[in-house]
Amino acid sequence: MTSADDTRTPGTDTLADAAGESMGRRHFGRRVGRPLKAGRSRAMEETLPELAIALPEPGTRLDPAGLFDRPMREIVVEIGFGGGEHLIARAEAEPDTGFIGCEPYIGGMSAFLVELERRGLRNVRVLGDDAAKLLDALPDASLARVYLLFSDPWPKRRHNKRRFIQTETVAGLARVLRPGGRLIAATDHPDLCAWTLAHLRAHPDFSWEARRPGDWQRRPDGQIETRYEAKARAAGRVPVFMSFRRG
């Protein structure tokens, strides 16, 4: 989904400026790409400030329910939503759920904001920064679900440390998911699949929900095909879907 290219393009720094430069855990994904068209630039200038999450000072907690202008039944996070197809579909299907989307890449964020405006969805908030910082800021047991769909596999061994799933982020996910909450992950990269399974199964609070091959070969109910999944299938790669329950 992302690359290590962090070259800035004139006129597309808005997201990095709004989110602030990452501190602590370094973000390795690309933040900018080609210059934005007028509609996307306007969405970044006008819509982003209305929906962007301001992270609290280190050591303090964010109130996720307070981010929305009406009560929400539960809170769900999608990490690295790309163009936002899945996040928008979920937000439309669950209007009483509050969704937080994390995406540092300006191209994806700007396209998402335009579509969000077009559909008039108000149950979504966004963070244009490293999702690990959001995990650090959330209260214990505050999330019902977390989606991590087709994240960058960082296939070179020396780059494995750049993957989102690490020992510390798994611990953070366990802390912020409520008992019975779920982490739903998908990938078309076999090594990343094995890496994710190894890290999640090593944590005592997570259990892998698959009981038979069809459980991880089929897309979960309500989860749409994203452009990344379609691209993988077109290239002959087989996506894998993993669901982990927080004990």
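The values are calculated or read from the model by the stated rules, or taken from the named source; none is laboratory data. Just so it is clear, the model here is predicted, and its values are computed rather than measured. Cβ atoms come from the backbone with ideal geometry, glycine included; neighbour counts cover every protein chain shown. Just the protein is used for accessible areas: all its heavy atoms, side chains included, with ligands, DNA and RNA removed. Shrake-Rupley method; radii C 1.70, N 1.55, O 1.52, S 1.80 Å.
Structure above, values below:
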| read-out | value |
| --- | --- |
| The range 220-247: number of residues that are surrounded by 15 or more Cβ atoms within 10 Å (Cβ to Cβ) and either assigned to a helix (DSSP H, G or I) or not β-branched (Val, Ile, Thr) (or both) | 12 |
| Unique residue being touching a Gly at 6+ places or on another chain (Cβ under 7 Å) and under 23 Å from residue 60 (Cα atoms) when the list is 137, 141, 132, 174 | 132 |
| Residue within the range 169-179 that is part of a loop (DSSP other than H, G, I, E, B) and in contact (Cβ under 8 Å) with a residue 12 or more places away in the chain present | no |
| Count of the range 187-216 residues which are under 22 Å from residue 154 (Cα atoms) and either in a helix (DSSP H, G or I) or in contact with a strand residue (DSSP E or B) (Cβ under 8 Å, 6 or more places away or on another chain) (or both) | 15 |
| Identity of the residue in the range 47-101, part of a loop (DSSP other than H, G, I, E, B) and of a type in the set (Asp, Glu), that ends up surrounded by the fewest Cβ atoms within 10 Å (Cβ to Cβ) | 57 |
| Unique residue being assigned to a loop (DSSP other than H, G, I, E, B), open to solvent by less than 10 Å² (accessible area, probe 1.4 Å), at pLDDT 95 or above and closer than 16 Å to residue 78 by Cβ when the list is 184, 165 | 165 |
| Qualifying positions in the range 194-214 - touching a residue at least 40 places away in the same chain (Cβ under 8 Å) and open to solvent by 20 Å² or more (accessible area, probe 1.4 Å) | 197, 204, 205, 207 |
| Residue selected from the range 74-102 under the condition free of Cβ contacts under 8 Å to residues at least 60 places away in the same chain and either in contact with a His (Cβ under 7 Å, 6 or more places away or on another chain) or among the small types (Gly, Ala, Ser) (or both), by the criterion farthest from residue 181 (Cα to Cα) | 84 |
| Qualifying positions in the range 138-162 - under 18 Å from residue 65 (Cα atoms) and surrounded by fewer than 16 Cβ atoms within 10 Å (Cβ to Cβ) | 139, 140, 141 |
| Residue ID - farthest from residue 164 (Cα to Cα), chosen from residues in the range 104-137 that are open to solvent by 10 Å² or more (accessible area, probe 1.4 Å) and outside any helix (DSSP H, G or I) | 120 |
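Condition check ((1) closer than 21 Å to residue 163 by Cα; (2) of a type outside the set (Asp, Glu); (3) in contact with a Lys or Arg (Cβ under 6 Å, 6 or more places away or on another chain)) across all residues:
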{"residue": "195", "(1), (2), (3)": "yes, yes, no"}
{"residue": "199", "(1), (2), (3)": "yes, yes, no"}
{"residue": "207", "(1), (2), (3)": "yes, yes, yes"}
{"residue": "214", "(1), (2), (3)": "no, yes, no"}
{"residue": "224", "(1), (2), (3)": "no, yes, no"}
{"residue": "229", "(1), (2), (3)": "yes, no, no"}
